[in-house]
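Peer 1: Okay, here's the structure, questions in a sec.
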Amino acid sequence: MTAIDISGVEKIYKGKVHALRGVDLQVHPGEVFGLLGPNGAGKSTLVKILMTVIRPTKCSGTMLGRPVGHKPTLRKVGYLPEHHQFPSYLTGAQVIDFFGAMSGVSRRERRAKTSKLLDLVGMSSWANKRVGGYSKGMRQRVGIAQTLINDPELVVLDEPTDGVDPTGRRDIRGVLDRLRAEGRAVFVNSHLLSELETISDRVAIMVQGKVHRQGTIDELTAGRRQYRITTCEPITPDTLRDAKSRVGFGVEQSAQHIIMESEDPASVQPVIDLIRSKGIAIEQIDRKRPSLEDLFMETVDQDESRGAPGAAQNTARTKKGRP
Amino acid sequence: MRVLTATLIDTLRYLRSRFMFWIVLALSALGAVALFATYSFTPEGIRFLWFNPIENEALRAGEPGSRLFVLGLFNGTFLKIWLGWGAMILALVSTASIMPDFLRGGSIDLSLSRPIRRPVLFVYKYIGILLFALIQLTIAVGLAYLIIGIRFDMWFPKALLAIPLLLLQFVYLSCIAAFLAVLTRSTIASLLGTILVWFVVFLIQFASNSLTENTAALESLVQTQRQRIEKGERIIADADQPSQRVIDRLEGIRAELESNQRVLDGISPWESKLRRVELFVPKTGDLQKILAREVEAPVGGQFFELLGANNDDMRPASIDDEQWADMQNAGKDGSKAVREFSAAVSIGSSLAFCLGLLGLATWRFSRRDY
C-alpha cells in the first residue's frame, strides 16, 4: 500500500490565488520523501491539505489507502507543522500526552511511551519543564516526539530542522533513519536542500504549485554525471582538440580542468592517456553529479524563464505570511 | 470521551496557569467571607465585627428579618453585583484568549490534524471554556452557602441554583465571545464585542423592564381611577345636592385619567415592540430575578424597607392619602409585572439564541482554511 498517492491536487484560495496547480506524487512505506521548493511554492498548502487543515479545491488520491481527508486515517499519521505552537503552559511530557490523547491513544499506552519518546529525542531531563521555557530546537525535538506517540505509519514533518542546531539536526536525522528502518513512510517538507539530500530516498521539486521533478536523486541526475580531470599546468588547445576527437562526446576546458560528461569510466581513460602522453601531470580526477541544489536552481530558473503565471501572486501571498 | 477528557484537562491546566483565575477565586472567597462572616445577629439587632450592635427590631436573632437580610445580601450583592457582573467580566477576560489562541496558526494545525471532526473539536473547546465559570461558581457559591449555613444556621438549598443559573449567564455571554473569536481570531475584538453586546442587551432589558413596569403601573392606576370615577358619579347621581368638593375631586381624577391614558397609549406599542426584540436576545438580567424568586429573597425596595427606610418620606405634599395609596398599589403592580415572567420562555429563548450563534460559529470554524 502506498503511503501517499495523490494526483491532480489543486487549491485556489479566495482572491483567485492559485496555490496548487495539479500536484501528483507518491510516497512509499519505508522511505524518506523530501518535498522541496522555494517560498510560496505551495509545499505547506499541500501538507495542510493532506492533514485536513485546508480543504482542497480538487484532489483525488489516497493516504494510507483511504481518500485524502478521511479523518480516522489520521489516527495512523504523525504531523509536525511548520511554526507550530504548543501550549506554553504544558510540560514536554504533557504535550506528548495531550496530543496522544487527541490522536486516540489510550492512557496506558501514552504513559508507557511518553518517556521513551522524550528519551529518543534527547529531552528526558526537560520532560517536566514547561514548553514556554524551551528553546526553538527543544520545541522541535518535543514536536517530533509527539508525532510518534500514535505509532504512525506515516510521519509528515514540515521544516523539522528549522531552528535546530547541528547536533540536533544530526539527532533528527538519526530519528528519521530509524523510522525508515521500521518501515514507516516519512514525508519531509523543507527548503534546506543539503538536509534533504542527506536524508531523502526520493525527492520532489515543487515550483509555483506544480511538482516539476520527482524521483530518487540518482534518477534525477541520471545522464548528468561528469568527470573532471585537474592538471598541474594549463592544457593547450591542441591537447583539448585531441581529447575531443578521442572520446567523441562533450569535453570542456576550464583553466586547468578538463570536464567530460559521461557515465562510463572507461570512456575517460583515453583522455587520461593523452594527457599523460603529453607529459602533463594529473593532480586529481573527480566523478561528479549535480547536487540537489543544482537541480533545484535549474528547475526554478527554467520555471522563471517560462514565466509561470501566478508567480507574482504566490510571492505576494508568502510575504503576507500565508501558505 | 478520551478527546473530551483531554480537552477538559488541557483547559484546566490552562486556567491554573492564568494569574487571573486565582485572583477571581481569591476575590470570590474574600467576598463571601466579607458578606457573611463579618456580622452576627444579637438579641438587640445586628453586630458588625466587634463593634456595638446596631439596634433594629427586624434584624434581631431569630426574627424573619435576619433571614431576609442574609438572603438580600446573598442575592443582591454577592450574586448580582459580584458574581453576576464583576466575576463575570473577569471570567470573560480570563477565557477570552482561549479560542483565539486555539485558532492561531501553528496551534490549530496541531488540533485539526487529529482524527476528530471539526464540529466536535469546536464544541469540546467551548465546553472547556465553560469549565472556568463552573469551577469559579461552584467554589464561590458553595463557600457562601457553607458560611451562611454554619454561622447563622440558615440553610438555603435553593441558593445552590445560583451555580447553574450563573453558569447559564456565562453561556449566554461566552457563546458571543466564541462566535466573534471564530470570525475575527482576535482576543480584543471578541472581548470588546461581547461586552458591547452585553451592554446593548442590558439596555434592551432595562428599557423593556422599565416600560413593562410603567405600563403595568399605569394600567393599574387607570383602572383604579376609572373605578373611582364610577364611584364618584354614583355619589353625585345619588345626592340631591352634591358637594363642590366631590365634583372638583371627580374632575381632578378625570384629568389625571386622561393624562395617564395618553401616556399609556404612547408607551404601550413600544412596550410590546421591545418585548418582541427582547425575545431574540440572551436575557442575562432575568437569571438573577429567577433566583430571587426561587429563594424568596427581598427584591429592590423590600430590602431597604427591612432596614427601616420609609416610602412615605418620598411622598409629595400635594398628594392626598388616597392618591398616594393608589400610586403605591400601582407601583407594586408594576414591580410584580416585571417579576412575573416565564422562566422557561426566558431561558428557552436565550438558549435558542446561544445555540444559533454557536451553530454559526461551528459552521464557520468547520468551513474555513487555516
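The values are calculated or read from the model by the stated rules, or taken from the named source; none is laboratory data. The shown structure was predicted, so the numbers you read here are calculated from the model rather than taken from an experiment. So basically every Cβ, Gly included, is an ideal-geometry build from the backbone, and we count neighbours across all protein chains shown. Calculation scope for accessible area: heavy atoms of the full protein, side chains included, ligands and nucleic acids excluded. Shrake-Rupley method; radii C 1.70, N 1.55, O 1.52, S 1.80 Å.
Peer 1: For the stretch B:94-126, give me each residue that is open to solvent by 20 Å² or more (accessible area, probe 1.4 Å), facing chain A (nearest Cβ under 7 Å) and within 16 Å of A:HIS70 (Cα to Cα).
Peer 2: Result: B:PRO115, B:ARG117.
Peer 1: Follow-up question, since we're still on this one. Would you pick out the residues in the stretch A:38-54 that are more than 9 Å from chain B (Cβ to nearest Cβ), over 16 Å from A:VAL27 (Cβ atoms) and not polar (S, T, N, Q)?
Peer 2: Listed by number, the residues that qualify are A:PRO38, A:GLY40, A:ALA41, A:GLY42.
Peer 1: Does A:GLY100 meet the test of being at pLDDT 95 or above and in contact with an Asp or Glu (Cβ under 9 Å, 6 or more places away or on another chain)?
Peer 2: Criteria met by A:GLY100.
Peer 1: Read through the list (1) more than 30 Å from B:ILE89 (Cα to Cα); (2) open to solvent by 40 Å² or more (accessible area, probe 1.4 Å); (3) part of a helix (DSSP H, G or I); (4) without any contact (Cβ under 8 Å) to a residue 12 or more places away in the chain, then give the number of the only condition that B:GLY252 fails.
Peer 2: (2)
Peer 1: Another question, then. Do we have A:ARG130 as within 13 Å of chain B (Cβ to nearest Cβ), among the basic types (Lys, Arg), open to solvent by 50 Å² or more (accessible area, probe 1.4 Å) and under 24 Å from B:THR11 (Cα atoms) here?
Peer 2: The answer is yes for A:ARG130.
Peer 1: State all residues of the stretch A:219-238 that are surrounded by fewer than 13 Cβ atoms within 10 Å (Cβ to Cβ) and within 19 Å of A:LYS288 (Cβ to Cβ); if no residue qualifies, say none.
Peer 2: If the condition is that a residue be surrounded by fewer than 13 Cβ atoms within 10 Å (Cβ to Cβ) and within 19 Å of A:LYS288 (Cβ to Cβ), then A:GLU219, A:ALA222, A:GLY223 are the ones that fit.
Peer 1: Let me ask you something else. Going residue by residue through the stretch B:299-315, is there one that turns out to be crowded, with 18+ Cβ neighbours inside 10 Å and modelled with pLDDT of 85 or more?
Peer 2: The answer is no; no qualifying residue exists.
Peer 1: Among the residues of the stretch A:90-127, write down those that are away from chain B (no Cβ under 13 Å) and either hydroxyl-bearing (Ser, Thr, Tyr) or outside any helix (DSSP H, G or I) (or both).
Peer 2: Answer for the stretch A:90-127, where residues must be away from chain B (no Cβ under 13 Å) and either hydroxyl-bearing (Ser, Thr, Tyr) or outside any helix (DSSP H, G or I) (or both): A:THR114, A:SER115, A:VAL121, A:GLY122, A:MET123, A:SER124, A:SER125, A:ALA127.
Peer 1: Right, next: Answer yes if at least one residue in the stretch A:193-207 is without any contact (Cβ under 8 Å) to a residue 40 or more places away in the chain and either out of contact with any Ser or Thr (no Cβ under 9 Å at 6 or more places or on another chain) or in the same structural domain as A:VAL27 (by TED's automatic domain parsing) (or both), and no otherwise.
Peer 2: Yes, some residue in the stretch A:193-207 is without any contact (Cβ under 8 Å) to a residue 40 or more places away in the chain and either out of contact with any Ser or Thr (no Cβ under 9 Å at 6 or more places or on another chain) or in the same structural domain as A:VAL27 (by TED's automatic domain parsing) (or both).
Peer 1: Those residues that are under 15 Å from B:LEU68 (Cα atoms) and either open to solvent by 40 Å² or more (accessible area, probe 1.4 Å) or free of Cβ contacts under 8 Å to residues at least 60 places away in the same chain (or both), I need them from the stretch B:36-50; list them, please.
Peer 2: B:TYR39, B:GLY45, B:ILE46
Peer 1: Next question. Yes or no: A:THR231 more than 30 Å from A:GLU10 (Cα to Cα), hydroxyl-bearing (Ser, Thr, Tyr) and at pLDDT 85 or above?
Peer 2: When the stated conditions are applied, A:THR231 passes them.
Peer 1: Still on this model: Search the stretch A:67-79 for residues being more than 7 Å from chain B (Cβ to nearest Cβ) and outside any helix (DSSP H, G or I), and hand back the single one that is surrounded by the fewest Cβ atoms within 10 Å (Cβ to Cβ).
Peer 2: This residue is A:PRO67.
Peer 1: Looking at the stretch A:138-158, which of its residues are assigned to a loop (DSSP other than H, G, I, E, B) and either open to solvent by 50 Å² or more (accessible area, probe 1.4 Å) or not assigned by TED's automatic domain parsing to the domain that holds A:GLY78 (or both)?
Peer 2: Answer for the stretch A:138-158, where residues must be assigned to a loop (DSSP other than H, G, I, E, B) and either open to solvent by 50 Å² or more (accessible area, probe 1.4 Å) or not assigned by TED's automatic domain parsing to the domain that holds A:GLY78 (or both): A:ASP151, A:GLU153.
Peer 1: Taking the stretch A:100-122 as the region of interest, how many residues are within 25 Å of the chain's Cα centre (by Cα) and among the hydrophobic types (A, V, I, L, M, F, W, C)?
Peer 2: 4
Peer 1: If you don't mind, another one. Considering only residues that are under 25 Å from A:SER135 (Cα atoms), open to solvent by 30 Å² or more (accessible area, probe 1.4 Å) and over 9 Å from the mean Cα position of the chain (by Cα), which ones fall in the stretch A:170-193?
Peer 2: A:ARG170, A:ASP171, A:ARG173, A:GLY174, A:ASP177, A:ARG178
Peer 1: Only one of these conditions is not met by A:GLU82: (1) surrounded by fewer than 21 Cβ atoms within 10 Å (Cβ to Cβ); (2) more than 13 Å from chain B (Cβ to nearest Cβ); (3) in a loop (DSSP other than H, G, I, E, B). Which number is it?
Peer 2: (2)
Peer 1: Go through (1) touching a residue at least 40 places away in the same chain (Cβ under 8 Å); (2) open to solvent by less than 60 Å² (accessible area, probe 1.4 Å); (3) more than 9 Å from chain B (Cβ to nearest Cβ) and name the single condition A:THR57 misses.
Peer 2: Status for A:THR57: all satisfied but (2).
Peer 1: Identify, from the list A:THR161, A:THR216, A:THR167, the residue that is hydroxyl-bearing (Ser, Thr, Tyr), under 13 Å from the mean Cα position of the chain (by Cα), at pLDDT 85 or above and exposed (fewer than 15 other Cβ atoms within 10 Å of the Cβ).
Peer 2: A:THR216
Peer 1: Mind checking which residues of the stretch B:317-344 are within 30 Å of B:ALA178 (Cα to Cα) and either touching a residue at least 24 places away in the same chain (Cβ under 8 Å) or open to solvent by less than 60 Å² (accessible area, probe 1.4 Å) (or both)?
Peer 2: B:PHE341, B:SER342, B:ALA343
Peer 1: Oh, and also: When you check A:GLY34 against the structure, is it assigned by TED's automatic domain parsing to the domain that holds A:ASP301 and part of a loop (DSSP other than H, G, I, E, B), yes or no?
Peer 2: no
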